[in-house]
Amino acid sequence: MNKLAIFVEGHTEFFLIRRLMKYLTPSEDLQISRYDVTGERCKRRFRDAKQSFYYDDGTYCVQLVVCSAGEHVISDIRERYSELTSNGFTTILAVRDAYPEFKYDDIPNRISSWQKEYRYLTIQPFIVIATMETEAWFIAEHSHFQRIDSKLTIEKIKSILQFDPRVENVEMRKHPASDLKKIYKSVEVNYNKYEAMVKQDVNCLNLETLCADTTNRAHSLKRLIHAIELFFEKDISESPSV
């Protein structure tokens with residue numbers, strides 16, 4: 001059995017990656033489980049959320065760990081590392097937002113610093129920083145807005161953001177979650193990051209478009225998808241080139 005642990009910032013990343021894993025798996029043999037982590041630093045509590053999703057017999061095992069905040073993702077990997085390796089996990093992936101902790105230009109140095117920290121470990125976590133937030137990927141997959149509300153046309157979105165998500169680099173948006181709030185507010189929908197809203201958004205995404213087209217305008221999404229694809233082929237500790 002091939003085992004992958006993915007440490008994510010919150011609900012948005014959890015529901016998106018869970019759906020992506022099922023979409024990208026080369027077979028139906030996939031098992032996904034969820035762990036929630038709560039508490040302050042040095043007093044973190046890992047809890048099995050008792051949410052398991054089986055697609056056939058589970059040749060691929062994925063454990064999604066929801067860390068509740070971006071600042072905890074890397075430190076939670078440190079705390080969980082020994083248990084993961086002792087339980088046969090061979091690949092670890094970290095996914096978190098850049099905003100609000102650091103700026104666009106800080107990202108390469110942050111990733112490099114974290115990778116150096118783990119360079120002596122048998123399993124080196126592969127780190128994806130959503131630039132500047134995971135919501136940027138939702139904006140780039142602009143076709144999904146009309147599945148939320150038919151009035152959310154591309155022209156309306158361009159007018160609200162003064163930005164064309166079809167052609168412009170969405171990763172240059174400073175606060176994509178705020179952009180989503182503005183878009184939703186225009187049709188009297190209150191955007192938030194509660195599970196119900198996030199699940200609705202994720203389920204409206206066209207995954208074929210997300211993987212084949214949106215990645216052209218969202219490099220960090222391309223990095224995530226490539227990492228997942230490599231898990232189904234080999235160990236991603238070899239560091240994808242994207």
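Read-outs: derived from the displayed coordinates by stated rules, not from any lab. Note that the structure is predicted; figures quoted are calculated from it, not measured. Don't worry about glycine lacking a Cβ; one is built from the backbone with ideal geometry, like all the others, and counts go over all protein chains shown.
For the chain, a Gaussian network of Cα nodes joined below 10 Å ranks Gln31, Gln162, Gln115 by mean-square fluctuation, and the top entry is Gln162.
By how many degrees, between 0 and 90 and to the nearest 10, does the Cα long axis of helix 73-86 differ from the longest principal axis of the chain? Approximately 40 degrees, to the nearest 10.
Residue by residue, the stretch 216-231 carries 3J(HN,Hα) couplings of 5, 10, 9, 4, 5, 5, 4, 4, 5, 5, 5, 5, 5, 4, 5, 4 Hz when phi is fed to the Karplus relation 6.51 cos²θ - 1.76 cosθ + 1.60 (θ = phi - 60°); x denotes Gly or Pro. Counting neighbouring beta carbons within 10 Å and listing from fewest to most, the residues Arg147, Arg34 come out as Arg147, Arg34.
Can you put Cys204, Cys61 in order, fewest other beta carbons within 10 Å first? Show your work: numbers first, answer last.
Working: Cys204 15, Cys61 18.
With the fewest neighbours first, Cys204, Cys61 line up as Cys204, Cys61.
If you average the sequence gap of Cα pairs under 8 Å that are 6 or more apart and divide by the length of the stretch 135-214, what percent do you get for the contact order?
Working: 65 pairs, mean separation 33.6, N = 80.
Computed value for the stretch 135-214: 42 percent relative contact order.
Seen from Arg173, the other residues with C-beta closer than 10 Å to its C-beta sum to a net charge of -4, counting Lys and Arg as +1 and Asp and Glu as -1. Once each part is reduced to its C-alpha centroid, what is the distance from the stretch 90-118 to the stretch 158-201 in angstrom? Spelled out, the Cα-based centre of one part sits 24 Å from the other.
Could you work out the relative contact order of the chain, using alpha carbon pairs under 8 angstrom and six or more residues apart, expressed as a whole percent? Could you put the intermediate results ahead of the total?
Details: 391 pairs, mean separation 52.8, N = 242.
Normalised by residue count, the contact order of the chain is 22 percent.
Can you pick out the pairs among Lys151/Lys222; Lys158/Lys181; Lys158/Lys185; Lys43/Lys199; Lys103/Lys199 whose Cα atoms lie more than 19 Å from each other? Beyond 19 Å between Cα atoms: Lys151/Lys222; Lys43/Lys199; Lys103/Lys199.
Loop exposure criterion: GluC sites (Glu not before Pro), DSSP state outside H, G, I, E and B, at most 10 other Cβ atoms within 10 Å. Applied to the chain, the longest stretch between such sites is 41-187. A DSSP coil position with no more than 14 other Cβ atoms inside 10 Å describes the following chymotrypsin sites (Phe, Trp or Tyr not before Pro) in the stretch 149-235: Tyr194. A Stokes-Einstein calculation at 37 °C with viscosity 0.692 mPa s, built on the Kirkwood radius of the chain over Cα pairs, returns a diffusion coefficient of 179 µm²/s. Working from Cα pairs under 8 Å separated by at least six residues, relative contact order for the stretch 66-156 is 28 percent.
Scalar couplings 3J(HN,Hα) for the stretch 26-31, obtained by applying the Karplus form with A = 6.51, B = -1.76, C = 1.60 to θ = phi - 60°, are x, 9, 8, 8, 9, 10 Hz; x denotes Gly and Pro.
Counting pairs of Cα atoms in the stretch 135-214, how many percent are more than 22 Å apart? Walk me through the numbers before you get to the answer.
Values: 427 of 3160 pairs.
Percent of Cα pairs beyond 22 Å in the stretch 135-214: 14.
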